[in-house]
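Report on the structure given below.
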Amino acid sequence: MSKKSSYNHIFFFNIILILGVCLRLSLAFTNLNTLSFEESLSPLFGDANLVRSPDDLSVRLLLDRYTGSGFISSNMYQHGFYSSMIKLPADYTAGVVVAFYTSNGDVFEKTHDELDIEFLGNIKGKPWRFQTNLYGNGSTQRGREERYRLWFDPSKEFHRYSILWTPHKIIFWVDDVPIREVIRNDAMGADYPAKPMSLYATIWDASDWATSGGKYKANYKFAPFVAEFKSFSLDGCSVDPIQEVPVDCSDSVDFLESQDYSTINSRQRAAMRRFRQRFMYYSYCYDTVRYPEAPPECVIVPAEKDRFKDTGRLKFGGTEARERRRNRRQQRRPEIESDPDERRLL
């Protein structure tokens, strides 16, 4: 077989695999209750940089040299499912953070809870990096962050990012891939988020830390930086956190735990394992400098532990080194439609 024929064969095989992945993704989260901006959200700051679509089904958050922008859910929820299709800014976005998270810091300043998905800016041509984090009862000194690379370019098209929070578990999702699961146990105590939270989305300048520890700063010749959100989904028990009479949220919790996004099936479990093996480059569970004894919710996977230094970062010559070698090989090949790692995740 000629080299040209071989490349054509690979290209068409990739297309078939991509179509299969897209079909599987289209079947995920089919029962989501999507809402308009007016139904569920309110501007938070930078009103002039928050641009709602004419049909009110999507919103653009802009960052320029003067201000960022953000929105907040109109209600607070005692447990819930928070989800949106998001498209991140393109080109050079070093120092720019786009965050999709839940928090109650405005109400419980010293004992706040928080669940984060934060995108940490990007140098054009480099893999996007992001992190998830969990805080409970003001435990800001006991952050539970993990950092990863994405297996696709999140600025080219929309992808769904979701957070499930119930009394028993927390799951972070990217499309149909569960990337992190935290199962509550008694030993976590108040470190497990338990108070009503709002949903937030923001874009802001974090040049001092976001991209390579602050090495690369925001460059406003590329401004405005634009993050787009659509297909909002908010399910949970809407409560007033200062209401004296407690609200019974048992029906809402039962509903959340009956949904597909509350259960990780065998295919998704395998995809999560592959994601964490290939794209997670920091985990607090393996950071013995910060935590000589791993926090109680950590499930120590021997294969993962062997890959990380005591600081929770990948060992020299590990996955990151292999990724660099793979990228150099790919630069010598014709461009194809998708990253093979994306196909293999699912």
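For the range 202-250, the candidate set comprises residues that are touching a residue at least 60 places away in the same chain (Cβ under 8 Å) and among the aromatic types (Phe, Trp, Tyr); within that set, the residue that is surrounded by the most Cβ atoms within 10 Å (Cβ to Cβ) is Phe225. Highlighted here are the strands (runs of 3 or more DSSP E) found entirely within the range 1-119 that include at least 2 residues which are surrounded by fewer than 18 Cβ atoms within 10 Å (Cβ to Cβ) and at pLDDT 95 or above: 41-45, 50-52. Just one of the listed residues (Ala294, Ala303) is farther than 22 Å from Val174 by Cα, touching a Cys at 6+ places or on another chain (Cβ under 6 Å), without any contact (Cβ under 8 Å) to a residue 60 or more places away in the chain and not in a strand (DSSP E or B), namely Ala294. Take Lys169 and decide whether it is in contact (Cβ under 8 Å) with a residue 60 or more places away in the chain, basic (Lys, Arg) and touching a Lys or Arg at 6+ places or on another chain (Cβ under 7 Å). Judged against the criteria, Lys169 is a match. Residues in the range 179-199 that are aliphatic (A, V, I, L, M), touching a Leu at 6+ places or on another chain (Cβ under 7 Å) and surrounded by 23 or more Cβ atoms within 10 Å (Cβ to Cβ): Leu199 only. Of all residues in the range 265-291, none satisfies the criterion of being in a strand (DSSP E or B), within 21 Å of Trp128 (Cβ to Cβ) and out of contact with any strand residue (DSSP E or B) (no Cβ under 7 Å at 6 or more places or on another chain). When residues in the range 175-188 are screened for being touching a residue at least 12 places away in the same chain (Cβ under 8 Å) and touching a Pro at 6+ places or on another chain (Cβ under 9 Å), 4 of them pass.
Listed by position, the strands (runs of 3 or more DSSP E) contained in the range 139-208 that have at least 2 residues being in contact with a helix residue (DSSP H, G or I) (Cβ under 8 Å, 6 or more places away or on another chain) are 146-149, 159-165, 169-174, 177-183.
Of all positions in the range 121-131, at least one carries a residue that is touching a strand residue (DSSP E or B) at 6+ places or on another chain (Cβ under 8 Å), modelled with pLDDT under 95, closer than 21 Å to Phe172 by Cα and surrounded by 23 or more Cβ atoms within 10 Å (Cβ to Cβ).
The values are calculated or read from the model by the stated rules, or taken from the named source; none is laboratory data. Quick caveat, the model's predicted, so the values are computed rather than measured. No Cβ is skipped: glycine too gets one built from the backbone with ideal geometry, and neighbour counts run over all protein chains shown.
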